[in-house]
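Please read the structure below before turning to the comments.
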Amino acid sequence: MSTGITIALSKGRILQEAIPLFAGAGIHLAEDPEESRKLIIPSTDPTVRFLVIRASDVPTYVTWGAADVGIAGKDVLLEQEGLDLYEPLDLRIGICHMAVAEPAAMAADDAPQSWERVRIATKYPHITRHYFHSRGVQTEIIKLYGSMELAPLVGLADRIVDLVSSGRTLKENGLVEVEEIMPISSRLVVNRAAMKLKRRAIETLIRQLEAQVTP
Ligand code: PRP
């Protein structure tokens, strides 16, 4: 095992918000991952490199030790069952929430407290099943991989469970949020073996990032 640290993260919102945190910790990416097609990006610190991967693959790389550290949304971490990762830090980036949404016309005379059975399109079947089970509501879940907001518009499902940030995607598709399930933010995750074998370097990284986190 090398002594350097490999950090897995995903393009998009998380990356844009993570770059300043790393910069504040003195770690600068050698290339802009949004411009480059490279999947391994070195940093200005020769002991730190980044893997740029799909958000839902971050826990896999970290669990198997292909990356020592990763940044993953709490949504991704909760959706994947049986992860054995150390989660030392809420980075307070990628802030949004998970919610149930439905067409505005339907919401006008809908009463979530009286739901007995719902048909939900979502990328988050596990979280959705768990949430409605705890509410005593039966669910029929249709698994999708993106653009959930389309499903109620074409009759694939009555409602969706998805992340809401600005609310713009819901609004532009005539949907409204009817229940909030949970707040979401991105977490620093660490491989358990790496936490022991590279303790000093990883603890330093955690401390440096923690100092950058907005309270
Ligand atoms: C997320 C989410 C919504 C959208 C919400 O999708 O699934 O579609 O952002 O953001 P808003 O409330 O600011 O409109 P994302 O862009 O991450 O892509 P995805 O469909 O691949 O999840």
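No lab work stands behind these numbers, since they all come straight from the coordinates. Being a predicted model, the structure only gives us computed values, none of them experimental. Cβ coordinates were reconstructed from backbone atoms using ideal geometry, including for glycine residues, and neighbour counts include every protein chain displayed.
Look at residue 79 and say whether it is charged (D, E, K, R), free of Cβ contacts under 8 Å to residues at least 60 places away in the same chain, touching a helix residue (DSSP H, G or I) at 6+ places or on another chain (Cβ under 8 Å) and under 29 Å from residue 195 (Cβ atoms). Show your work before the answer.
On the way: charged (D, E, K, R): yes; free of Cβ contacts under 8 Å to residues at least 60 places away in the same chain: yes; touching a helix residue (DSSP H, G or I) at 6+ places or on another chain (Cβ under 8 Å): yes; under 29 Å from residue 195 (Cβ atoms): yes.
Yes; evaluated as a whole, the condition is true for this residue.
Looking only at residues in segment 128-140 that are surrounded by 17 or more Cβ atoms within 10 Å (Cβ to Cβ) and within 21 Å of residue 96 (Cβ to Cβ), the one that is nearest to the ligand (Cβ to nearest atom) is 128.
In this structure, does residue 111 turn out to be over 26 Å from residue 61 (Cα atoms), out of contact with any helix residue (DSSP H, G or I) (no Cβ under 7 Å at 6 or more places or on another chain), in contact (Cβ under 8 Å) with a residue 12 or more places away in the chain and not polar (S, T, N, Q)? Spelling it out, it is not the case that residue 111 is over 26 Å from residue 61 (Cα atoms), out of contact with any helix residue (DSSP H, G or I) (no Cβ under 7 Å at 6 or more places or on another chain), in contact (Cβ under 8 Å) with a residue 12 or more places away in the chain and not polar (S, T, N, Q). Please go through segment 29-59 and give me each residue that is in a loop (DSSP other than H, G, I, E, B), in contact with a strand residue (DSSP E or B) (Cβ under 7 Å, 6 or more places away or on another chain) and within 25 Å of residue 83 (Cα to Cα), ordered by number. Scanning segment 29-59 gives 39, 53.
Please indicate, with yes or no, whether at least one residue in segment 147-160 is within 30 Å of residue 66 (Cβ to Cβ), without any contact (Cβ under 8 Å) to a residue 40 or more places away in the chain and not in a helix (DSSP H, G or I).
Looking through segment 147-160, at least one residue is within 30 Å of residue 66 (Cβ to Cβ), without any contact (Cβ under 8 Å) to a residue 40 or more places away in the chain and not in a helix (DSSP H, G or I).
Matching residues to (1) out of contact with any strand residue (DSSP E or B) (no Cβ under 8 Å at 6 or more places or on another chain); (2) within 16 Å of the ligand (Cβ to nearest atom):
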position: 67; (1), (2): no, no
position: 89; (1), (2): no, no
position: 95; (1), (2): no, yes
position: 98; (1), (2): no, yes
position: 116; (1), (2): no, no
position: 120; (1), (2): no, yes
position: 123; (1), (2): no, yes
position: 145; (1), (2): yes, yes
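Looking only at segment 161-194, residues that are part of a loop (DSSP other than H, G, I, E, B) and either acidic (Asp, Glu) or more than 16 Å from the ligand (Cβ to nearest atom) (or both) come to 1 in all. Between 19, 14, the distinction of being surrounded by 13 or more Cβ atoms within 10 Å (Cβ to Cβ), touching a residue at least 40 places away in the same chain (Cβ under 8 Å), β-branched (Val, Ile, Thr) and under 28 Å from residue 164 (Cβ atoms) belongs to 14 only. The residues of segment 195-215 that are assigned to a helix (DSSP H, G or I), charged (D, E, K, R) and either free of Cβ contacts under 8 Å to residues at least 12 places away in the same chain or buried (at least 17 other Cβ atoms within 10 Å of the Cβ) (or both), listed by number, are 196, 199, 200, 203, 207.
Within segment 147-160, the only residue that satisfies the criterion of being within 13 Å of the ligand (Cβ to nearest atom) and on the phi > 0 side of the Ramachandran plot is 147. For segment 1-28, enumerate the residues that are assigned to a strand (DSSP E or B) and more than 21 Å from the chain's Cα centre (by Cα). The answer is 5, and nothing else.
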